[in-house]
Amino acid sequence: MAQPRILILGAPGAGKGTQSAKITEAFDVEHVTTGDALRANKDMDISEMDTEYDTPREYMDQGELVPDEVVNAIVDEALSQADGFVLDGYPRNLEQAEELEDMTDLDVVLYLDVGEEELVHRLTGRRMDPETGEIYHVEYNPPEDPDVEDRLEQRDDDTEETVKERLRVFRENTEPVIEYYEDEGVLERVNGEQAPDEVWEDVKATIEDVA
Ligand code: AP5
């Protein structure tokens, strides 16, 4: 079949970015991620869209959702250019889920299931390599190369206070999206609390089964 169209859902810190990197390599699909796209355009002027703030930065640094109009346009453009994809970070509310239905069909909807205590631990310990985009964790996945360790950065929204707000926003806005796909009978749950390689075994097997 053509390359698969995969949606990966999960709370902040569930491991969507970590698993998406493996999916893109194994299945030769594009990684379409609203989080990375918005981080690369944090200071984009969105004032003409009649939004509360003038740039995505204000929303992101407080852990709030960037307005749908901005995010829908990013995803529509990216999906129109991709044969197969893993979509990460979208949809985050029911309105976005409806938009997505108009944009594309999906072959697989994965949900990485992780409890809240573990999510907070993962996010506050996450570090990013600004040169390669590689994701690390101070405890679970530290880099071996000391030069890499020296240049690691913490994301602006990975402070404990913002993490708590992101999790609240997830419960309020994104959990209904998960229920929506569950009610449709298409949600594939994966135990995201396992070690990354074990999660990957389950993710890979699920995609191979369904796609
Ligand atoms: P976004 O960048 O999408 O962030 P998120 O959904 O909060 O997800 P994260 O990237 O924080 O976590 P992840 O699941 O990718 O976990 P990771 O693999 O890194 O969004 C950021 C902001 O942008 C939003 O708050 C919002 O403002 C805006 N935005 C984005 N999309 C939007 C939309 N559609 N609408 C409106 N606004 C939007 O893993 C986390 C850590 O855990 C890492 O350190 C990793 O090494 C470690 N780890 C991963 N897997 C495991 C494991 N199995 N065991 C142990 N450790 C692990």
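The values are calculated or read from the model by the stated rules, or taken from the named source; none is laboratory data. The structure displayed is predicted, hence computed values, not measured ones. Cβ atoms come from the backbone with ideal geometry, glycine included; neighbour counts cover every protein chain shown.
A few remarks follow.
- Condition met for Val108 (under 25 Å from Ile135 (Cβ atoms), more than 11 Å from the ligand (Cβ to nearest atom), touching a residue at least 60 places away in the same chain (Cβ under 8 Å) and surrounded by 16 or more Cβ atoms within 10 Å (Cβ to Cβ)): yes
- Filter pass, Leu65 being modelled with pLDDT of 95 or more and more than 8 Å from the ligand (Cβ to nearest atom): no
- Condition broken by Thr34, with the remaining ones in (1) without any contact (Cβ under 8 Å) to a residue 12 or more places away in the chain; (2) within 11 Å of the ligand (Cβ to nearest atom); (3) closer than 22 Å to Val108 by Cα satisfied: (1)
- Among residues of region 193-211 being without any contact (Cβ under 8 Å) to a residue 24 or more places away in the chain and over 18 Å from Val114 (Cβ atoms), the one that is nearest to the ligand (Cβ to nearest atom) is Ala205.
- Residue in region 82-102 that is farther than 19 Å from Phe170 by Cβ, in a helix (DSSP H, G or I) and either within 10 Å of the ligand (Cβ to nearest atom) or touching a residue at least 12 places away in the same chain (Cβ under 8 Å) (or both) present: no
- Members of region 16-31 that are within 15 Å of the ligand (Cβ to nearest atom) and farther than 26 Å from Glu69 by Cα: Thr18, Gln19, Ala21, Lys22, Ile23, Thr24, Glu25
- Looking across region 127-158, the residues that are away from the ligand (no atom under 12 Å from the Cβ) and of a type in the set (Val, Ile, Thr) come down to Thr132, Val148.
- For the residues Val177, Val163, Val190, the requirement of being in a strand (DSSP E or B), under 28 Å from Glu64 (Cβ atoms), more than 8 Å from the ligand (Cβ to nearest atom) and in contact (Cβ under 8 Å) with a residue 60 or more places away in the chain singles out Val190.
- Matching residues in region 30-56 - criterion: being hydrophobic (A, V, I, L, M, F, W, C) and assigned to a helix (DSSP H, G or I): Ala37, Leu38, Met49
- Among the numbered conditions (1) without any contact (Cβ under 8 Å) to a residue 60 or more places away in the chain; (2) not in a loop (DSSP other than H, G, I, E, B), the only one that Arg122 does not meet is (1).
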